[in-house]
1. Restricting attention to strands (runs of 3 or more DSSP E) lying wholly within region A:113-194, give those where 1 or more residues are within 18 Å of the chain's Cα centre (by Cα).
2. Sort out which residues of region B:119-134 are of a type outside the set (Gly, Ala, Ser), part of a loop (DSSP other than H, G, I, E, B) and near the ligand (Cβ under 7 Å from one of its atoms), and write them in order of number.
3. Among the listed residues A:Ala187, A:Ala139, A:Ala226, A:Ala146, identify the single one that is over 18 Å from A:Gly335 (Cα atoms) and surrounded by fewer than 23 Cβ atoms within 10 Å (Cβ to Cβ).
4. Of all residues in region B:370-386, which are facing chain A (nearest Cβ under 7 Å) and more than 10 Å from the ligand (Cβ to nearest atom)?
5. Here is a check on your reading of the model: is A:Ala201 in a helix (DSSP H, G or I) and over 24 Å from A:Leu102 (Cβ atoms)?
6. Which residues, counting only those in region B:142-171, are surrounded by fewer than 21 Cβ atoms within 10 Å (Cβ to Cβ) and away from the ligand (no atom under 13 Å from the Cβ)?
7. If the requirement is being under 25 Å from A:Asp339 (Cα atoms), modelled with pLDDT of 95 or more and more than 9 Å from chain A (Cβ to nearest Cβ), which of these qualifies: B:Leu323, B:Leu288, B:Leu297?
Amino acid sequence: MTTTLRRNDYTLSDEQDQLVAMLRSLFSEKSPISVVRDAEPLGFDAQLWATVRDNGLLTISVPAEAGGDGGGLIELVLTGIEIGRTAAPVPLLDHVVALRTLARLKDEGVELAEGSWESALAGETILSLAPISSWELGAELVPSGALAKSVLAFKDGSVILMTREGLAEQAPNEGCTPVAWWDPTDASVSVTTLLSGDQAAELWELTRREWRIATAASLVGILAMAGEIARAYSVERQAFGVRIAQFQAISHDLVDMHMDELTSRNMTLKAAWLTEHEPDFRPELAAMAMAQATRSVLRSTAKAVHVHGGMGITLEADISLFYRKAAAWALVGGGTRRDLEEISKAVDRRAIERTRWHETHELAKR
Amino acid sequence: MDFSEVELTAEQQAFEKELRDLLDTNWTPDYAHISLDHDRAPDAVRTGMVERGWIHPHFAPDAGGAGLGEIEQQIISSLFEEFYMASPGGNDLLIPTLDKHGSEWLKANVLPGLRTGELSTCLGYSEPDSGSDMAAAKTRAVRDGDMWTINGQKMWTTGAHHADYVFLLARTGPIEEKHRTLTMFLVPMNLPGVQATPIWILGGGRTNVTFYTDVEVSDDYRIGGVNDGWSVMSTPLATEHGAGVVTEGVTPVNGSMGQSFSRTFAKLIDGAIDWAASRKDAEGRSRLEDPLVRMALAEAMLDLEMCWNAAGELGKPMAAEALATNADRLADMAAPEGILDFGVDGKIAAGIIASQRLHSPGTAIYGGTTEIYRNNLARRLGLPRPY
Ligand SMILES: Cc1cc2nc3c(=O)[nH]c(=O)nc-3n(C[C@H](O)[C@H](O)[C@H](O)COP(=O)(O)OP(=O)(O)OC[C@H]3O[C@@H](n4cnc5c(N)ncnc54)[C@H](O)[C@@H]3O)c2cc1C
């Protein structure tokens, strides 16, 4: 046996820092909570969509050969975090993940319908994907499915593109996220098979991973904002003559929320970097980032609501909005059980390494 | 951002081989040595490392080290992990403090041995009536000219039975003045009146009660000013807590103890995988294929990855709690064998799960309790002190 070491460097480059600063000011200016509320119940703001498009955010993480700006998953993660911080009502993450997969297909020589790539790249049509399609038969709920013209899915060993004429109707939900039922057997849906065989499975696996990473990033943003809101309230609200942050039952929860945020953030960045640079190394990391962000955002937004006392559960409180968004955004991909199923494949990989360890080492008798 | 594999240079590979040979020759991996902040590497390994300047490899060769870098330090951690070996025990926490505050005499006579690791130290902060509230220490040092007389009792003096010196927190003025009347000393453990008796803890580790009865020590052993003890000890304490750990290289971001708890946690998972690989269900299928077992292991692996991503001070409470939760989870997964001890027929991976379940509550206490950590972390978030 020999040792292998890896770097553990989470720092952002200067350009990435600048990107974050740009995104922070863009989304806080253009997606204040009033915009988010006005966009409900659909969860979409056409003007904000035009703004993100005009600011080049749809093409940032699309390969240069396909007409994008050649940025990668880290840039997508940084964008996702800012989207989450403001609960921005735009389907940017689903759209960009779908664009990245279509760009790979184009690169493989797959023909897309005339003009469809260009209009998607320009944000004139919206794309999405069906993250749970490989598990489901028939109809399934699709994130951004009420906005999308076309949806990527994986059925019977093939990557398919479902396209419909009119828009699908939103399935109403408390988070006011634009999910909708899509059914490949529906008469109003036309289905094109884009890729089959091992290559298709591999491509879908990568697509799923990128979607998990992008979605986890948006949850990191929700975690960050929920933490900020709760901390601000905790030093303002008084009870028994002291600020409520002086009660450890409150401050320790705030610390735990902070731990959830930072670990979710680091795991998402690490998964993004490795998926991009070494996709074969620890392929479970994307599912881990998503599972961590999901469980964190569920429990931490609940704590953030609780810190507000009764005010927390009122519909007009900002924190209750983030609580609603948390579950809707986190669970549209099928929930942590599916992430854990993916993670459990790492058990087999570790079991092989253990066998190698036992072949190399004797063990003291006990 | 960078998570790529490090290409080891020829020298680094040779370093790894030399260390591997040292460990191979002197040690058989032992599942009972998987955490163990309360044990240390065997003497042959320690001596071999002292001779090579590897206890503090990052120090310059003329300062007791070997002039090696972060990579070699990580190779050491990684091999110790592979060999299930307790730490060689270093004096990292104290050397910077002695450099800064130590008397000339200590610097000339003790510091060199601490630097090579030939001499070792233990920490004498806690007492029967004060743990979290360290500034309530009662152990008293009274001055008479150039000599001090020390009387009192310390609790939980881990490693005192191996150590050459104790870094002792003593009261040198009215106790009402709390942290303003504390002074630090480096007291030789072999002085008359110093005595260590064992305390056995859950999981089989040993720590000690230490008694100080009319211990006479010269002023040369004082560290820092009289009544300056609180500020003198703040640096090693913060280091122990993992504050300010910023690495951009290969060192895990999880600070201090959280790192060793995470390594222990990794071994717990490995032990559970060994168990699953060795057991079959009623249909003759490997337990590794059992969906319930896989789910429990996947959750444990997720928690471990979370610990490795918990930076600095967050690392300790997170890893301590994850270790405890997962020791329960895996004992439950492997029930009923999960409760069996080392050396028992049918034990799991030599009893690793049961012993770590026993050990884990301590990780949330020693080196500062998880509540104290959360108090500190809350302050760093800008929150007011508890009322
Ligand atoms: C195995 C082991 C090894 C150790 N090794 C060493 C060593 O080498 N040297 C050394 O000096 N000490 C050592 N310690 C002592 C350790 O640092 C203390 O046990 C620890 O700081 C807690 O102190 P205590 O045990 O007196 O508990 P207490 O301080 O009495 O705490 C009891 C409980 O009250 C809680 N509590 C206390 N204060 C607060 C607060 N302000 N806010 C919220 N909750 C609070 C604690 O979190 C804990 O749950 C060791 C302890 C153990 C168990």
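1. Fully inside region A:113-194 and qualifying: A:127-129, A:140-142, A:150-155, A:180-182.
2. Those that are of a type outside the set (Gly, Ala, Ser), part of a loop (DSSP other than H, G, I, E, B) and near the ligand (Cβ under 7 Å from one of its atoms): B:Tyr125, B:Asp133.
3. Only one candidate qualifies: A:Ala187.
4. Selection gives B:Leu377, B:Ala378, B:Leu381, B:Leu383, B:Pro384.
5. Details: in a helix (DSSP H, G or I): yes; over 24 Å from A:Leu102 (Cβ atoms): no.
The answer is no for A:Ala201.
6. Answer for region B:142-171, where residues must be surrounded by fewer than 21 Cβ atoms within 10 Å (Cβ to Cβ) and away from the ligand (no atom under 13 Å from the Cβ): B:Val142, B:Arg143, B:Asp144, B:Gly145, B:Asp146, B:Met147, B:Thr149, B:Asn151, B:Asp164.
7. B:Leu323 is the lone residue from the list that is under 25 Å from A:Asp339 (Cα atoms), modelled with pLDDT of 95 or more and more than 9 Å from chain A (Cβ to nearest Cβ).
Okay, residues lined up against (1) within 11 Å of chain B (Cβ to nearest Cβ); (2) modelled with pLDDT of 95 or more; (3) buried (at least 24 other Cβ atoms within 10 Å of the Cβ):
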residue: A:Asp253; (1), (2), (3): yes, yes, no
residue: A:Met257; (1), (2), (3): yes, yes, yes
residue: A:Glu261; (1), (2), (3): yes, yes, yes
residue: A:Thr268; (1), (2), (3): yes, yes, yes
residue: A:His277; (1), (2), (3): yes, yes, no
residue: A:Gln292; (1), (2), (3): yes, yes, yes
residue: A:Arg295; (1), (2), (3): yes, yes, no
residue: A:Ala304; (1), (2), (3): no, yes, yes
residue: A:Val307; (1), (2), (3): no, yes, yes
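The values are calculated or read from the model by the stated rules, or taken from the named source; none is laboratory data. Keep in mind that this is a model prediction, so the values were computed, not measured. Cβ: placed from backbone, ideal geometry, glycine included. Neighbour counts: every protein chain shown.
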